[in-house]
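Undergrad: Starting off with a structure, shown below.
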Amino acid sequence: MNFLEERIQKDGIVKEGNVLKVDSFLNHQMDITLFEKMGEEFKRRFAGKKFDKILTIEASGIGIACIVARHFGVPVVFAKKTKSVNIDGEMYIAEVESFTHKCRNQVIVSKKFISEGEHILIIDDFLANGCALQGLISIVKEAGASVDGIGIAIEKGFQVGGRMIRNLGYHLESLAIVDAMDAETGSITFREQ
């Protein structure tokens, strides 16, 4: 069992509806020491790859992406879920559906932050059905850049997202893959990696 799986076993809470609550260390309160280990692990798993930028989606992916970016020495761009007065000029827009929030959002990235020919590493906290990833991938493609890697903290292996993204040919690395969860017993089964 790796460091992230151990932390999920210790502090994660399984809830009805295939919800894994990790807000005490990953996506509400953030354990930066844990994020540092995650950054080191993503650097190891994507060794030899050169990225120009890291792309994530607000809000839960930002903290992880920032630590990972430090390991690669590149900036982070995050897709915003709402258009604000601060976003000006031309934008890439994709529609994504959130498994957690059960809603559809448009995500927006200013065209000045992703350029043709750039090599992008996408980082996010969770992968369930893959809708958010598909939206980010479509933005990168529209920019004429390439998705050269995708790093996920926790993948729900019993949902379709990971399989779908891998079948599209992307280099996807998930630090923890949950194969099964039981809300009644609180048990979590991880995939051997």
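The values are calculated or read from the model by the stated rules, or taken from the named source; none is laboratory data. Since we're looking at a predicted model, the values are computed, not measured. All Cβ positions, even for glycine, are placed from backbone atoms using ideal geometry, and neighbour counts span all protein chains on display.
Undergrad: Looking at 35, 51, 42 in this structure, which one is surrounded by 14 or more Cβ atoms within 10 Å (Cβ to Cβ), in a loop (DSSP other than H, G, I, E, B) and modelled with pLDDT of 95 or more?
TA: Every option except 51 fails the conditions.
Undergrad: Select, from 140, 178, the only residue that is in contact with a Ser or Thr (Cβ under 8 Å, 6 or more places away or on another chain) and over 20 Å from residue 57 (Cα atoms).
TA: Just a single option satisfies the conditions, and that option is 178.
Undergrad: Now a separate question. Within the set of pairs 6 or more residues apart or between chains, which connect a residue that is of a type in the set (Val, Ile, Thr) inside segment 172-190 to a residue that is in a loop (DSSP other than H, G, I, E, B) and surrounded by fewer than 18 Cβ atoms within 10 Å (Cβ to Cβ) with Cβ atoms less than 8 Å apart?
TA: What qualifies is 177/191; 177/193; 178/158; 178/191.
Undergrad: If you don't mind, there's one more thing I want to ask. Going by what's in this entry, would residue 30 be described as touching a residue at least 24 places away in the same chain (Cβ under 8 Å), within 16 Å of the chain's Cα centre (by Cα) and in a loop (DSSP other than H, G, I, E, B)?
TA: For residue 30, the condition - touching a residue at least 24 places away in the same chain (Cβ under 8 Å), within 16 Å of the chain's Cα centre (by Cα) and in a loop (DSSP other than H, G, I, E, B) - is met.
Undergrad: Continuing with the same structure: If a residue must be free of Cβ contacts under 8 Å to residues at least 40 places away in the same chain and not β-branched (Val, Ile, Thr), how many such residues does segment 152-171 contain?
TA: Total meeting the criteria: 11.
Undergrad: Would you check which residues across segment 2-51 are farther than 23 Å from residue 172 by Cβ and among the small types (Gly, Ala, Ser) and list them?
TA: 17, 24
Undergrad: Which members of segment 155-193 meet the condition of being part of a strand (DSSP E or B) and surrounded by 15 or more Cβ atoms within 10 Å (Cβ to Cβ)?
TA: Selection gives 155, 156, 172, 173, 174, 175, 176, 177, 178, 181, 188, 190.
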